[in-house]
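Asks: Please find one structure pasted underneath; my questions will follow.
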Amino acid sequence: MIDITAIAERLDEAARTASATPQLEEPISLEEAYAVQAASLERRYARGEKRIGIKMGLTSRAKMTQMGVEEVIWGRLTDAMLVEDGDTIDFPAYVHPRVEPEIAFLLDRPLTGRVTPMQALEAVAAIAPALEIIDSRYENFKFSLTDVIADNSSSSNFVVGPWSDPHRDFSNLGLILRLSGVVKQIGSSAAILGDPIRSLVAAARLTSEAGEPLQAGDIVLAGGATAAEALSPGQHVQVAIQNLGSANFRTSEHFEERD
Ligand code: 0L1
Ligand code: MG
């Protein structure tokens, strides 16, 4: 029997104090991994954070192949994880942060169980360009699939750009990720499961299976559209997405040496 509470505390503390923790000693099941994630989020809620949505992960073929999996994963987002568009993040508050370009959905009605892409779209009030800052709490980014799920799917912070009317074709929008003006990634929203709406369909199914279905007002991050880029102090980070505009943030200049 694994100690879900103890692992949740360990991962939550690693995130809270930005200190890396070794990969879990014992393999755990998918069910146990999501139970650890839920327990670690309970600790955040107890500190006053509010759940405001979810993130989808491993939604690109490249990431699935990298992890040797066929199923997407998900994690919870809280209000404390949301960084205002254009704000500066405190670099020492992370273990080894990376950024990836995403699309965000804002829901205006609940979305439960197995839905069609059309039904998923009907629940979307707006879409926006977004950036996810992922920060695995495991030393040297070494983890298994269940380790990463337990670690809230590496979720750390996210930035959402201007919201737009979702009644447009967003299945194949060109996008560019720039770090301090230098183009680092070029891609398309189609890299997110072939069409980002499929990620929302999967989100509805997975969260319902977990007994925590999507609600009106939820933000859903659809998943990385390109490989993630490592962050450094003193950077300006921008994603620009065709027809949707851009989302931006800066990393602080300050850097602390870690063991
Ligand atoms: O957002 C994601 O695709 C989850 C990433 C999990 C693995 C990682 O931290 O790179
Ligand atoms: Mg992501």
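Nothing in this text is a laboratory measurement; each read-out follows from the coordinates by a stated rule. Quick caveat: nothing in here was measured; it's all calculated off a predicted structure. Glycine gets a Cβ as well: all are built from the backbone with ideal geometry, and neighbour counts include every protein chain shown.
Asks: Just from its helices, what would the mean residue ellipticity at 222 nm be for the chain, if runs of 4 or more DSSP H residues each count -39500 (n - 2.57) and the sum is divided by every residue, rounded to the nearest 500 deg cm²/dmol?
Replies: Details: 6 runs with 64 residues, N = 259.
Here the helix-only value at 222 nm equals -7500 deg cm²/dmol.
Asks: Moving on to the next point. Once phi is turned into θ = phi - 60°, what whole-Hz ³J(HN,Hα) does the Karplus curve with 6.51, -1.76 and 1.60 give for every residue of the stretch 192-205, x standing for Gly and Pro?
Replies: Calculated HN-Hα couplings, in order: 8, 6, x, 5, x, 5, 5, 5, 5, 4, 5, 4, 4, 5 Hz.
Asks: While we're looking at this one, here's another question. Along the principal axes of its C-alpha atoms, what lengths does the chain span, in descending order and rounded to whole Å?
Replies: Ordered largest first, the chain gives principal extents of 47, 42, 36 Å.
Asks: Note down the magnitude of the dipole of the stretch 38-99 about its Cα centre, charges +1 on Lys and Arg C-beta and -1 on Asp and Glu C-beta and zero elsewhere, to the nearest 20 debye.
Replies: That gives the stretch 38-99 a dipole magnitude of about 240 debye.
Asks: Determine which lysines satisfy two conditions relative to Lys142: a Cα distance under 23 Å, and not lying fewer than 8 residues away in the same chain.
Replies: By straight Cα distance, Lys142 reaches Lys55, Lys63.
Asks: Next question. Do any GluC sites (Glu not before Pro) in the stretch 20-94 lie in a loop, going by DSSP, with at most 15 other beta-carbon atoms within 10 Å of their beta carbon, and if so which? Mind showing how you got there, number by number?
Replies: Numbers: sites: Glu25, Glu31, Glu32, Glu42, Glu49, Glu70, Glu71, Glu84; in loops: Glu25, Glu49, Glu70, Glu71, Glu84.
Taking the stretch 20-94 and a limit of 15 other Cβ atoms within 10 Å, the loop GluC sites (Glu not before Pro) found are Glu25, Glu70, Glu71, Glu84.
Asks: Counting other beta carbons within 10 Å of each Cβ, put Val159, Val182 in order, fewest first.
Replies: Val182, Val159
Asks: I need Val95, Val220 ordered by Cβ neighbour count within 10 Å, fewest first.
Replies: Exposure proxy ranking, most exposed first: Val95, Val220.
Asks: Also, quick follow-up: Stretched out fully, how many nm does the piece from Ala230 to Ala80 gain, at 0.36 nm a residue minus the Cα gap?
Replies: The span from Ala230 to Ala80 would gain 51.8 nm if fully extended.
Asks: Fewest first, what order do Arg137, Arg61, Arg178 take by the number of other Cβ atoms within 10 Å?
Replies: Values: Arg137 29, Arg61 11, Arg178 19.
Lowest count first: Arg61, Arg178, Arg137.
Asks: Moving on to the next point. Check which residues have an amide H placed less than 5 Å from Asp85's amide H, if you skip close sequence neighbours.
Replies: Amide H to amide H, under 5 Å and 5 or more residues apart or across chains, Asp85 pairs with Val160.
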